[in-house]
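Read through the structure below, which is laid out as structure tokens, and then see the notes.
The values are calculated or read from the model by the stated rules, or taken from the named source; none is laboratory data. Since the structure is predicted, the reported quantities are computational estimates derived from the model, not experimental observations. Here Cβ is always computed from backbone atoms with ideal geometry, including for glycine, and neighbour counts include all displayed protein chains.
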Amino acid sequence: MNLFVNKQFVPERKIFFFAVLLAAVLIFSGTFYPPSSMAAKSDTTFLPPDSFANLAESASPAVVNIRTVKTIKGGGRVFRHFNKGPFNEDDPMRDFFDRFFDEDQKRDFKQRSLGSGFIIDKDGYIVTNNHVIDNADKIVVILNDEKEFEAQIVGRDKNTDLALIKIKADHNLPVLRFGDSDILKVGQWVVAIGNPFGLEQTVTAGIVSAKGRVIGSGPYDDFIQTDASINPGNSGGPLLNMKGEVIGINTAIIASGQGIGFAIPVNLAKNIISQLKSTGEVTRGWLGVGIQDISEEVAEYYGIKEKKGVLVTEVFPGDPADLAGIKPKDIILSVNGKAVDTARQLTSMIANISVGDTIQIKVNRNGKTRMFDVKIAKREETKISRRSTREKEQGQLGIQVSEITPETARRFNLKDDKGVMVAGVDPDSKAAEAGLQMHDVIREINHKNITSVSDFNKAINEIPEGGTINLFIRRLNRGFLVIKITK
């Protein structure tokens, strides 16, 4: 009986033993993965590729070298700081020659610079940075096969540092396709191609280090940060995903930081490039409000329970928001149903809306939700520039003021609503140095009654630079004080 059992079951035990052994080998060799590991393994964009050679070979023909020549008027004097003595003192011999050869000092000189770009259309349209071709007298594009063409500017946009140029080639040109930068993830592999330091067709690789970076270059900062090497001369070149699609335009570096480069997301650039190609300029939407993020202090000051939305600090008379009925201290919650979280996000959303379109804006006003239909106007850069200058002049004092509403008067136990309340003081400003504080109520400026923000702005603007500003204020629990500031 035992012999029968051994004959029947020993082979099955051997099969079972070998099955267990095979599973163990697969597990330790890395061939078998549990479900979670397989899911991670399926996204090869996060794994180091064996080689970038195929991607570089296919994309490089559409990447170009851009050389520009700019004429600097009276350029000789630009180099005057090079004509110093060994201890940085003025060279007396140089001054002697200047008296006799002053005309040479006024001579113009040619400044040459390098950059990159990439072809997006077989007819010769090329994307690059605005700063690469800005004020250029001559733009020369050098293709991958070393053929040279003189380029013309189709259009450019200073706010996003994008430009579109065009060459006339005698054959169809290789092009790069646009990808989708919105689905780009931190940690994904990317490749930068360009001409750093004039070294043509240089390929570097790295990962996406961060998204949505704000580096203070303009109102639409939303950069992709990468550790793929980007150096002077890379500007305007493409940042590619592993499919060889453009997901960014290499734009900026931090001089003091190695391994940190920034690229404009291609989804931000698509509409701008399309407008430049069709009209040669970019038209942006305009709402006509001053806005800011809701900080802890602002939330506390205005009694906002949840820091959702963007606070309206100013409404410009006659502009779309004013005509629709939006007011200062409204909190914008959404645009066309899309939630608004930051002031920068709102600025970008409005800029991408076509002029003349009517949008729905949802606001929180004194704890109640209201909807406004707003017809978007055209953003006029000259008008904004004037406003920015005006705000900067007032901002030199470092004071932010707001109207005194009945709610404010009740909250701070004010007997009347005369004056304006200080909503913020820059700690490094003249106002802070003079002793002005949050919640001070400004009643008079140089003996002129102040009853509104417009009164405050008008009074400040009338005082000349270097003049004395006497603020007659009421401080909570202290009574009346006079704060003296030199403008």
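Some points to look at:
- In the set (1) in the same structural domain as Ile247 (by TED's automatic domain parsing); (2) under 22 Å from Arg344 (Cα atoms), Lys158 fails one condition alone, (1).
- Residue selected from the range 270-316 under the condition among the basic types (Lys, Arg) and touching a residue at least 60 places away in the same chain (Cβ under 8 Å), by the criterion surrounded by the fewest Cβ atoms within 10 Å (Cβ to Cβ): Lys270
- Residue that is nearest to Val289 (Cα to Cα) [pool: residues in the range 364-381 that are among the polar types (S, T, N, Q) and in a strand (DSSP E or B)]: Asn364
- Screening Asp145 on (1) over 23 Å from the mean Cα position of the chain (by Cα); (2) buried (at least 16 other Cβ atoms within 10 Å of the Cβ) shows it passes everything except condition (2).
Each row is one residue, and each column tells you yes or no for (1) under 33 Å from the mean Cα position of the chain (by Cα); (2) more than 21 Å from Gly303 (Cβ to Cβ); (3) in a helix (DSSP H, G or I).
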site	(1), (2), (3)
Leu414	no, no, no
Gly424	yes, no, no
Asp428	yes, yes, no
Thr451	no, yes, no
Asp455	no, yes, yes
Ile460	yes, yes, yes
Ile469	no, yes, no
Asn477	no, no, no
Ile483	no, yes, no
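- Here Gly233, Gly187 are screened, and the one residue that is outside any strand (DSSP E or B) and either among the aliphatic types (A, V, I, L, M) or closer than 22 Å to Leu114 by Cα (or both) is Gly233.
- Among residues of the range 304-330, those that are within 26 Å of the chain's Cα centre (by Cα), in a loop (DSSP other than H, G, I, E, B) and under 15 Å from Ala377 (Cβ atoms), counted: 2
- Selected residue (only one of Ile332, Ile326 is surrounded by 19 or more Cβ atoms within 10 Å (Cβ to Cβ), in contact with a Phe, Trp or Tyr (Cβ under 8 Å, 6 or more places away or on another chain) and not aromatic (Phe, Trp, Tyr)): Ile326
- Put simply, of Ile183, Ile133 the only residue that is among the aliphatic types (A, V, I, L, M) and loosely packed, with under 14 Cβ neighbours inside 10 Å is Ile183.
- Within the option set Phe178, Phe118, being within 30 Å of the chain's Cα centre (by Cα), under 21 Å from Ile230 (Cβ atoms), surrounded by fewer than 21 Cβ atoms within 10 Å (Cβ to Cβ) and modelled with pLDDT of 95 or more holds for one residue only, Phe178.
- Leu436 meets each of the listed conditions (1) under 24 Å from Glu300 (Cα atoms); (2) in a strand (DSSP E or B) apart from (2).
- Flag for Ile384 being within 24 Å of Phe316 (Cα to Cα) and at pLDDT 85 or above: no
- The criterion of being in contact with a Gly (Cβ under 7 Å, 6 or more places away or on another chain) and loosely packed, with under 14 Cβ neighbours inside 10 Å holds for Thr486.
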